[in-house]
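First up is the structure itself, then whatever we jot down about it.
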Amino acid sequence: MENGKCFCYNGKQFTTGKLIISADNRSFRFGDGFFETMKMINGNVALLDHHFERLFSSLQLLKFEKPDYFTAAYLSEQIKNLVSKNKHDAFSRIRLTIFRGNGGLYDYENNFPNYIIQTWRPDRGISALNEKGLATGIYTRARKGCDDFSHIKSNNYLPYVMGAMWAKENKMDDAIILNNYDRIADASIANIFLVKDGKIKTPALSEGCVSGVMRKYIIKCLQKNNIPFEETQIDREELYEANEIFLTNAVQGIKWIRQCEDYRFNAELSKYLYNQFLLPLYK
């Protein structure tokens, strides 16, 4: 994945590698902030409205004080300028990170939403449905909380970081993360769906999963097309008994799971959903 030559910090562009935050930064100290990861194709960000809806909802929930100029139009312009500068217009992965400034837990400077935008040029194949299914396992050394903030893409990403490290050490493609009730929350970089006897299920937001943009889009497509679907609680046994499991995120789209521990799954519905709902997004 080719990194951009420049990044944007609070409206100004800098050469990649330049240091712009101090050791007192609250995001560095406490994970105080959140991020959006987007995909641009031919100058357009896929599901941009969903991304900004989640961004401004998170901004409000985390008690940032939004300046009047800090709008979707303003941030879109900053993204387009950086992507153009880095020559990533045709196909790019974009990360927009928002964070509070310096200070301790109680003596923070202000609630201003500082931001950093970065772009990369990934392999175009990242958007395709994987021919070879993913190998996964359930990570048990961390749990995702179920609270008012668990659905945010928080800068405090430790359960996912450790799950991803565990997956890599064990030669897996991803790790499935549990919540503090020992039920399925999501995966280290994606939301999770399962299929059993033609019905699709995914953990409800109250189960601690991230409120994924692609998750939201897929759910709307399922509802619009009257495909049997439920947001609910999912335990391990139900996961093992599924006919099919697939993951979703904004950059990779849909990826189907071939194996979770000793259990194997097919990709019949994953292929249908990809062809029916994702391919139109990528044109």
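DSSP beta bridges fully contained in the stretch 134-282 are about 55 percent antiparallel. Spatial offset of the stretch 1-49 relative to the stretch 97-131 amounts to 5 Å, using the alpha carbon center of each.
Rg to Rh for the stretch 17-109: what is it, with Cα atoms only and Rh by Kirkwood?
Values: Rg = 14.7 Å, Rh = 14.7 Å.
Taking Rh as the inverse mean 1/r over Cα pairs, Rg/Rh reads 1.00.
For the stretch 166-283, what class follows from the C-alpha gyration tensor (a ≥ b ≥ c being the square roots of its eigenvalues): rounded when a/c is under 1.5, otherwise prolate if a/b is larger than b/c, else oblate? Cα axes put the stretch 166-283 in the rounded bin. In straight Cα distance, which aspartates and glutamates are under 18 Å from residue 63, not counting same-chain residues fewer than 8 positions off? By straight Cα distance, residue 63 reaches 32, 36, 53, 107, 109, 147, 148. In the chain, helical runs assigned H by DSSP with n ≥ 4 each contribute -39500 (n - 2.57); averaged across all residues and rounded to the nearest 500, the mean residue ellipticity at 222 nm is -7000 deg cm²/dmol. Each Lys or Arg adds one and each Asp or Glu takes one away; over the other residues whose Cβ falls under 14 Å from the Cβ of residue 190, this sums to +3.
Assuming charge only on the beta carbon of Lys and Arg (+1) and of Asp and Glu (-1), the dipole of the chain about its Cα centre is about 980 debye to the nearest 20. Calculated FRET efficiency, residue 272 to residue 66, Cβ-Cβ distance, R0 = 51 Å: about 0.80 to the nearest 0.05. Binning all Cα-Cα separations of the chain at 5 Å, short to long from zero, yields these whole-percent fractions: 1, 5, 12, 16, 18, 17, 14, 9, 5, 2, 0. Length gained on full extension, residue 108 to residue 281, computed as 0.36 nm times the residue gap minus the Cα-Cα distance: 58.1 nm.
Placing R0 at 25 angstrom, the Cβ-Cβ distance between residue 264 and residue 165 gives a FRET efficiency of 0.50 after rounding to 0.05.
Taking the chain as a Gaussian network, where each spring joins two C-alpha atoms under 10 Å apart, which residue of 204, 250, 190 fluctuates the most? Answer for the Gaussian network model of the chain: 204.
In a Debye calculation with equal point scatterers on the alpha-carbon sites of the stretch 91-161 and no solvent, what is log10 I(q)/I(0) at q = 0.14, 0.16 Å⁻¹? Here the Debye-derived log intensity ratios amount to -0.79, -0.96.
When only the Cβ of Lys, Arg, Asp and Glu is charged (+1, +1, -1, -1), the dipole of the stretch 2-122 relative to its Cα centre reaches about 460 debye. Could you tell me which of the pairs 132/168; 199/224; 39/171; 199/220; 132/255; 39/66 are separated by over 19 angstrom between their Cα atoms in the structure shown? Too far apart for the 19 Å limit: 39/171; 39/66.
DSSP assigns beta bridges within the chain; of those with both partners inside it, close to 75 percent run antiparallel.
Taking the Cβ-Cβ separation of residue 204 and residue 132 as r and a Förster radius of 25 Å, what is the calculated FRET efficiency to the nearest 0.05? Given R0 = 25 Å and the Cβ-Cβ separation, E is 0.25.
Just so you know, all these numbers are worked out from the coordinates, no wet-lab data involved. Values in this document were obtained by computation on a predicted structure and should not be read as measured data. Positions of Cβ are generated from backbone atoms using ideal geometry, with glycine treated the same way; all protein chains shown enter the neighbour counts.
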